[in-house]
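Okay, structure first, notes after.
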Amino acid sequence: MVQLKERPGTQKITNLQQKFVYEINAMYDAENRFLEAQQMMWQCGQNSKLKAVIETHIQETEQQIRNLEQVLNVLGEQPQRITCDVAASLISEGQKFALLAADNPKLVDLGLAGCSCKIEQMEIACYRGLIKVAEQMGQNQVVQLLEQNLRQEEQTAQKLEPLMMQLLQDLKTTDTKTTAKSR
């Protein structure tokens, strides 16, 4: 069980507005973490299509961070990164895999694509939840900013899923050739 004293800067949440601000700040942390991770993925990746998707999404993520800052501004709050443990764990898992698979660039690319898909699905779920709360609070401007982020996440997921299947096929073809040669 996490104790509040383990989370400096966090306070008890007693109403919907505080809950919403807390979750926006956690998403703000997640997007900042994902931006750093995408920059590392772009450097580690070998597949040009994967790198192109990541490069486009880096720019989108920068805009998403600005959108979250604007959301907080509309709410009269300052951006405060509240650790998003899910984001940190997804990134850690991806980094660990990339290190373990470092000898096979095609396997690294497949792992990066898979990690990116997980991240996109997490973000999609979070943005959908945030939008529902913003709608209930009557925060129309906030809804618009969050919907823009959601659309970008959904578009990225739609690009990554078929690409992941292509990377899987490429890897299977390479593995089949390697296995045949070693016999």
Subset tally (residues that are more than 20 Å from Leu167 (Cα to Cα) and either touching a Pro at 6+ places or on another chain (Cβ under 9 Å) or of a type in the set (Asp, Glu) (or both)) for segment 33-50:
1
Kindly provide the set of residues from segment 8-24 that are in a helix (DSSP H, G or I) and not hydroxyl-bearing (Ser, Thr, Tyr), ordered by number.
Leu16, Gln17, Gln18, Lys19, Phe20, Val21, Glu23, Ile24
Of the residues that sit in segment 139-154 and are open to solvent by less than 60 Å² (accessible area, probe 1.4 Å) and acidic (Asp, Glu), which one is farthest from the chain's Cα centre (by Cα)?
Glu154
From Thr156, Thr173, residue being part of a helix (DSSP H, G or I), over 19 Å from Asn32 (Cα atoms) and not hydrophobic (A, V, I, L, M, F, W, C):
Thr173
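The values are calculated or read from the model by the stated rules, or taken from the named source; none is laboratory data. Bear in mind that the values here come from a model prediction, so they are computed numbers and not experimental data. As a convention, Cβ positions derive from the backbone with ideal geometry for all residues, glycine included, and neighbour counts pool all protein chains shown. Accessible surface is based on the protein model in full, side chains and every heavy atom, while ligands, DNA and RNA are left aside. Shrake-Rupley method; radii C 1.70, N 1.55, O 1.52, S 1.80 Å.
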